[in-house]
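Data block below; observations after.
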Amino acid sequence: MKKLLPSLFSLLIPFISFAQETETAAEEVGFDQKIDQAFQPVSDFFTQVVFFEIGGIPFVLILLVASAAFFTLVFGFPNIRFFGKAINTVRGKYDEIDHHELGDAAAAVDGDIRDTIRDESKEGEVSHFQALATAVSGTVGNGNIAGVALAIALGGPGATFWMIVCGLLGMSTKFVECTLGVQYRDVDENGTVYGGPMYYLSKGLKERGFKVLGKITAVLFAIFCIGGSFGGGNAAQSNQATIVIKELFNWESTGAGTLVGVVLAILVGVIIIGGIKRIASVTEKIVPFMAVLYVLCCLYIIGSNFSFVDDAFALIFTEAFNPKAIGVGSVIGVLLVGFQRAAFSNEAGAGSASIAHSAVRTNYSASEGLVALLEPFIDTVVICTMTALVIIIFNFGGFFEYGDATGAGVVIIDGMEYEGAGITSKAFAEYIPYSKIFLTVAVVLFAVSTMISWSYYGLQSWKYLFGRGKKMDLIYKVLFCVFVVIGAAASMDSIWAFSDAMIFAMVFPNMIGLYFLFPVVKKQLRRYLDAIKMAR
């Protein structure tokens, strides 16, 4: 991995030289613009279909927020009550439950006998920490850098407050869906695990007497998840990586995005040849390094401007209920911007993370549900908030006006347009020398780790629809790499609109499964908590 990351930039050097030498020809061809023009109608279509409104509010956001609040209440605030147990599970404190012999009372839960449970402990491919790292790498991405900047550009500082609220509520939703992901997973004769909403929708709803509904919703989810892997988990990531790379090298050629996309596609294509074990081994190393380095830099900026922190939080809270941003124009508007960006960032309710968590080695499905509830906290409550504080503190200098009436999230700084990761990069540059290089590395790391994790999500859905053959796998991986190039070449506006639509489309079939099957989660939670008590 240490050799792999620098190779990305060494690969870029020839392309940069080539593009600079042939800039005039590239401008005449206009590869990026052609790709963007071809992709824009696709983006517009899916946006209109998915984000239909009820009372002026997209129904999918109402569904997400209401469901998160419902599960939080039904499970008695698991985001607070079980936070400590979640951390202990990740660090392996309760691993002995899966390995030592339990008493007959614990072993008999759900009709299992002691020997059967011991045999089942062989199922699964990765540890709790590896599953969390893989899933976090799919959620902690450029939504934390570009998405936060987009939210603040559109909704002002107040959008941060609603992002935090959405993250806290989303912890409960993530707990439910990831418990179900493990509970209803498939394990083939080779020990390979297949899981996610496709399986708990088809199997779980069949158990409840809704076989046809389960099959239909499972197929719909798989289709939407493939779209999500091409969009939010792929194109949106390469889009932001391209923005910062072009800015770093001052590359203004109209074919620059395409060339960067080709390099990224080659890099990602090499990595995704491996399976979940390969992905887990990569993300296990890259995610902590990536997150810690980024957080440390945020903390440095925040600490260097500590006197402004209380003012920043005051602005976040006051503007949440009294927004000035012209891009949204109302409290409801800023709330929607915050919720939409938070949901895109942590994906709670979309069901995607349950695909990664289903591969965990455990006998207790609720154990992984508890691990999963840490994701929205890490992603949204911690990392997104830090990014927001950096941008808000930076803008105390009056560099740009909050709110973009066009809805594209573009701001003007020093007479130049900035969007997404470019805004965050500008804020970092104010306080950290050579921060463009650092943030470029960070954005590329976020992008690559997110893409390789989402390639696994999409491939699992692809397998569910088309079978588990190698030829079909190769077709998916080629298409995935094509979208890396599309994302790098197209505009942020069209790519993020398409990505939002694909991620949020997954919510509709997934929520059907969560509402039908949350009693199963209650049962499994009691089983796991009882096992912990008996092991003490």
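Things to note:
- The length gained on full extension between V482 and I57, counted as 0.36 nm times the residue separation minus their Cα-Cα distance, comes to 149.6 nm.
- K211 versus F306: modelled label distance in nm, points set 7 Å from Cα along the beta carbon direction: 6.6
- For T450, the accessible surface of its heavy atoms amounts to roughly 0 Å² (probe 1.4 Å, protein chains only, rounded to the nearest 10).
- Most to least accessible of F230, F52 (protein chains only, probe 1.4 Å): F52, F230
- At the residue level, I378 shows approximately 60 square angstrom of accessible surface with a 1.4 angstrom probe and all protein chains present.
- Karplus 3J(HN,Hα) series, Hz, for segment 174-191 with 6.51 cos²θ - 1.76 cosθ + 1.60 (x for Gly, Pro): 4, 4, 5, 5, 7, 4, 5, x, 6, 4, 10, 5, 9, 10, 7, 5, 8, x
- Cα-based radius of gyration of segment 185-271 once divided by 2.2 N^0.38 Å, which approximates compact folds: 1.63
- Largest to smallest accessible area among K246, K436 [probe 1.4 Å]: K436, K246
- The string of couplings for segment 303-308 from the Karplus curve (6.51, -1.76, 1.60, θ = phi - 60°) is x, 5, 10, 4, 5, 9 Hz, one whole number per residue in order, with x for Gly and Pro.
- Rounded to whole numbers, the Karplus 3J(HN,Hα) couplings from phi for segment 427-439 are 5, 4, 4, 5, 10, 10, x, 6, 5, 4, 5, 4, 5 Hz, using 6.51 cos²θ - 1.76 cosθ + 1.60 with θ = phi - 60°, and x at Gly and Pro.
- Among the trypsin sites (Lys or Arg not before Pro) found in segment 141-245, those both in a DSSP coil and sparsely packed, with 16 or fewer other Cβ atoms within 10 Å of their Cβ, are R208.
- Distance (nanometres) between label positions extended 7 Å along Cα→Cβ at K34 and N322: 5.4
- Qualifying chymotrypsin sites (Phe, Trp or Tyr not before Pro) in segment 405-482, DSSP loop, other Cβ atoms within 10 Å at most 15: Y434
- For G420, the amide hydrogen comes within under 5 Å of the amide hydrogens of L150, counting only partners 5 or more places away or on other chains and with H modelled in the peptide plane.
- Segment 400-471: C-alpha pair distances exceeding 18 Å, %: 60
- Neighbours of L63, meaning other residues whose beta-carbon lies under 15 angstrom from its beta-carbon, give a summed charge of -4 when Lys and Arg score +1 and Asp and Glu score -1.
- The simple Förster model, with R0 at 45 Å and r as the Cβ-Cβ distance, assigns E401 and N88 a FRET efficiency of 0.45.
The values are calculated or read from the model by the stated rules, or taken from the named source; none is laboratory data. On a predicted model such as this, the values are computed, not experimentally measured, just so you know. All Cβ positions, even for glycine, are placed from backbone atoms using ideal geometry, and neighbour counts span all protein chains on display. We work out accessible area using only protein heavy atoms, side chains counted, and drop any ligands, DNA or RNA first. Shrake-Rupley method; radii C 1.70, N 1.55, O 1.52, S 1.80 Å.
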